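See below for the structure under consideration.
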Amino acid sequence: MGCGWLGFPLAVSLIEKGYIVKGSTTSAEKKEVLSEARIQPYLIELSSKAIKGDIDGFLSGTDVFIVNIPPKLRGINSENFVLKILLLIENIKNHNVKKVLFISSTSVYTDDNSIVSEATQPRPQTESGKQLLEAEQKLQACPEFETTIIRFGGLIGGERHPIYFLSGKKNIKNPNAPLNLIHRDDCMAIIEKILATEKWGTVFNAVYPDHPSKKEYYSRKAAEFKLTPPNFDEATPSTGKTISSDKLIRELNYRFTTAL
């Protein structure tokens, strides 16, 4: 569910490996794009009140349901993400889906300058992080299916890189905070590894194991991309966190392939 920046190339990669993949989109125009990529297309719109579209056809016969939709809690059209997940859960149960892979975020952890593992108690500070954590808990509480959670760090890859937004910005906070980023190629490879190894009913943090400071990294990337470097707030103490991917590396025998 969600064939966007991550979901579309993931679906294509899975098809190349022999999987049969259904994909959802909220855009009627994109259905043809999905079909051309051999993704079985479904026009589905999920709100906090209802699911519009052929959710029955989408979930019927599904072995693994990958939920890859952002909370979208900003702006005037924001909705309750937890209510959306509760609607999905009822449909998951109705269609006897047994495996769920939920794409979450390291925003469920607080910035307290600590090293964070999956054993760390999540204490989200943002509304998005709070609703993601509650969504995780709702899915994990269902005995009818097994849920694995992947908490990705900041996503980069393709045309998506924070330096394009940060270039030339002034007084960026937390210059000495460690970064927790991951490339889309690794996101896809990790998901495929979980499917291949049947790692269900668990939680994985997923970020590249190097953690340069925000100032060091974005200054370097600005020079690399020939952009105006950002300016940082050096007067205020930095706060952040260092996300450990040790469990993922150990249990999946995974090696990150794409450097920052």
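The values are calculated or read from the model by the stated rules, or taken from the named source; none is laboratory data. Fair warning: this is a prediction, and the values are worked out from it, not measured in the lab. So basically every Cβ, Gly included, is an ideal-geometry build from the backbone, and we count neighbours across all protein chains shown.
Within region 20-51, the residues that satisfy the criterion of being among the hydroxyl-bearing types (S, T, Y) and either within 21 Å of the chain's Cα centre (by Cα) or within 15 Å of G2 (Cβ to Cβ) (or both) are S24, T25, T26, S27, Y42, S47, S48. When Y208, Y217, Y164 are screened for being crowded, with 20+ Cβ neighbours inside 10 Å and touching a residue at least 40 places away in the same chain (Cβ under 8 Å), only Y208 passes. Contact map, region 232-260: first residue of a type in the set (K, R), second residue in a helix (DSSP H, G or I), Cβ cut-off under 9 Å, separation 6 or more or different chains; pairs are K241/T106; R255/I249. Would you mind stating whether A135 is of a type in the set (A, V, I, L, M, F, W, C) and surrounded by fewer than 17 Cβ atoms within 10 Å (Cβ to Cβ)? Against the criterion (of a type in the set (A, V, I, L, M, F, W, C) and surrounded by fewer than 17 Cβ atoms within 10 Å (Cβ to Cβ)), A135 does not qualify. When we screen I44, I115 for residues that are more than 26 Å from E192 (Cα to Cα), touching a residue at least 12 places away in the same chain (Cβ under 8 Å) and in a strand (DSSP E or B), the only hit is I115. Residues that are under 20 Å from G4 (Cα atoms) and part of a helix (DSSP H, G or I) do occur in region 85-96. For region 55-70, the set of residues classified as modelled with pLDDT of 90 or more and either part of a loop (DSSP other than H, G, I, E, B) or touching a Pro at 6+ places or on another chain (Cβ under 7 Å) (or both) consists of S60, G61, T62, D63, N68, I69, listed by residue number.
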